Protein chains: 2
Amino acid sequence: MARPRKFDDETRAALIRDTADQIVTGGVESVSLRPLAAKHGCSTTAIYTMFGSRDALIEAVVYESVGSFTRSQESVPITGDPLEDLWELGRAYRQWALKYPALYVVMIGRGGKRPDISPEEFTEDSPRMIAAKKAIESLFKRVAECRAQGILGDYPIEEMGNSIWAGVHGWVSIEATRPVMIGQDPDAAYDRYMQSLVRAWAPTPQQG
Amino acid sequence: MARPRKFDDETRAALIRDTADQIVTGGVESVSLRPLAAKHGCSTTAIYTMFGSRDALIEAVVYESVGSFTRSQESVPITGDPLEDLWELGRAYRQWALKYPALYVVMIGRGGKRPDISPEEFTEDSPRMIAAKKAIESLFKRVAECRAQGILGDYPIEEMGNSIWAGVHGWVSIEATRPVMIGQDPDAAYDRYMQSLVRAWAPTPQQG
DNA sequence: ATACATATATAACACCGTTATTGGGGTACT
DNA sequence: AGTACCCCAATAACGGTGTTATATATGTAT
C-alpha cells in the first residue's frame, strides 16, 4: 500500500538510546536532530515520521528511562525483612538518580517546560502516568508490608507512601542538581534521612 | 574614558523583571533576546554588555528571585511559638513556589542544564550560594528554637534543618512541576506532611 | 587635535526545529 | 500492463535562535 519503511524498530530504539546518552552527557538542551540524524545515516524528516517532533523523541526517552528506573527498583531483592528492603529500595532509587542525574531531572521535572498548565500526558491513566505509578509501586508495597508488621503506624498507605516518596525525591533531586551534598559521608547522611522519613510514621504508643 | 552608557541600572532592572515575567508565563525556554531587546528599545548587543549572555541574564533573574523568595520567608511573623512559626514558614515556602512554579524550578534546578559537573556559581561562598544560604536561614533559626524548647530532639541543627528543607522541597517541587497533587485538600495534605517531617525529629523518651 | 577606550547598532554566522516540495517504492485496481 | 494512489524519506527552504565581527558614536586623556 505504500513505500516500505527504511528504518525499523531497531533504528528507533537506537535513536532513543543515543538521545538518552546525549541527555546524560550533555543535558536535554544539547539534544539536536541534525547531528543525531547524521550519526544514524538518515535525515531529520525520518526522525519526524518516527517520533513526530523533538519533544516527542525526548518524551520517548523519558518513557524508556522510567522503564529502566522501574526495573532497577524491581530488581531490589525481597529478603523478608520489609524495613531492610525499604532501605535498599531507597538506596537503589538514589543510585539510579545519581548515575543518570540529567535523565532523572528530565523524567521527573518535565524537562523544564512550563509547569503550571498541563498537557494531556498527565491525565489519569495516560501511558506516562501508568508507568510512573508502576515505578513507585515497589516502594508502596514495602510500605504496606511494614504497616502490616507494625513497623509503620496505622496511617493510610497512600499518605505514608507519598510522603516517603516526596521526601526521598527531595533529597535525591537536590543531590542530582547540585555538585555535592553537604556533609562528609553522603551515603550515611542519606541513610539517616531515610530513617527519619520512616520514623515519622512509626506507630504511636496507643497504636502499639 | 569611553562612550557613556545609554542604559542605566533602571533598564537593567527592567530587563530582569521582564525576563522573570517571561519565565513565569512561558517557561525558561521561551526567553528570547531579540523580542526582549525590541520591547526595551535596544539591541541584543546592549543586553550582552549588560549581562554577558542569555544564561547570565537568566542567572540574574534567578538571583533576584532568590531575593524575592528570601523576603517572603523573612516576612513571616515571629509569634513566640516556634513550632507554629515553622508551619507558617513552610506554608510560605510552598505558596511562593506555587505562585511562581517556573521560577522555582529554574532557581533550584539550574534551568535544566547538565547537573553533574558544576560551574563556579556553586563554589562555597559564591554570591549565589550565599543567597541560597540566606534563603533558608529563617527555617534553620526556627528549627534551632524548636530544639531549644525541647520541641525537637537533640540532633544536630544542620541535620534537622537540611532534612526538613529537603522534605519540603520534595513535596513542593512535585506540586510545582505537576498539575495537581494527589488528594482532595492539598493544603491540609501538605500540613500533615510537614508535621511528619518534624515528628521525625521529635525528642525520644530518653531525650525528653 | 589626536589617540584611545568603550557602549551600542548593524549585519553576519552558524546553528536550530520544523515543514513544503519532490521523488522513490510499493500496493491495488482497471 | 498500466496507472492511480499512498506513504516514507531526502532535499531544501523558512523563520527563528544565541552569539559575534565590524563599524560607529562618544566620551576622556594626551
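Derivation of every value follows stated rules applied to the coordinates shown; laboratory data play no part. Here the structure is a predicted model, which is why all the values come from computation and not from measurement. Note that each Cβ is placed from the backbone with ideal geometry, even for glycine, and that neighbours are counted across all protein chains shown.
Here, the protein assembly as shown has an Rg and a Dmax of 23.2, 79 Å when only alpha carbons are counted.
Extending 7 Å from Cα along the Cβ direction at A:S68 and again at B:A2 yields two label points whose distance is 4.6 nm. Just to be sure I understand the curve: with the Debye formula and one point per C-alpha of the range B:55-199, what is log10 I(q)/I(0) at q = 0.08, 0.16, 0.20 Å⁻¹? The computed values of log10 I(q)/I(0) come out as -0.23, -0.91, -1.33.
Average projection, convex hull of the Cα set of the range A:12-68: 3.4 square nanometres. A simple rule links phi to the HN-Hα coupling: the Karplus curve 6.51 cos²θ - 1.76 cosθ + 1.60 with θ = phi - 60°, which for the range B:150-161 gives x, 6, 10, x, 7, 9, x, 3, 5, 5, 5, x Hz, with x for Gly and Pro. For the peptides A:123-130, A:139-146, B:44-51, the ranking by packing is A:139-146, B:44-51, A:123-130, with the highest mean count of neighbouring Cβ atoms within 10 Å listed first. Label separation (A:D185 vs B:A144): 2.6 nm, computed from points 7 Å beyond Cα along the C-beta direction.
Spatially, the range B:33-57 and the range B:132-166 are offset by 41 Å when compared through their Cα centroids.
Based on the Cβ-Cβ distance of B:T25 and B:S53, what FRET efficiency does E = 1/(1 + (r/R0)^6) give at R0 = 25 Å, to the nearest 0.05? So the FRET efficiency works out to roughly 0.65. For the protein assembly as shown, lysine pairs with C-alpha atoms less than 22 angstrom apart, excluding pairs fewer than eight positions apart on the same chain, total 13.
Each residue, B:D9 and A:D18, gets one label point 7 Å from its Cα in the Cβ direction; the gap between the two is 5.1 nm. Look at the alpha carbon pairs under 8 Å that are at least 6 residues apart: their mean separation over the length of the range A:55-199 gives a relative contact order of 29 percent.
Shielding value for A:68-78 is 0, the average number of Cβ atoms from other chains within 10 Å of each residue's Cβ. For A:L152, the residues 5 or more places off, or on other chains, whose built amide H falls under 5 Å of its own are A:R147. Of all chain A residues, the one whose Cβ lies closest to the rotation axis that maps A onto B, given with that distance rounded to whole Å, is A:G170, 1.
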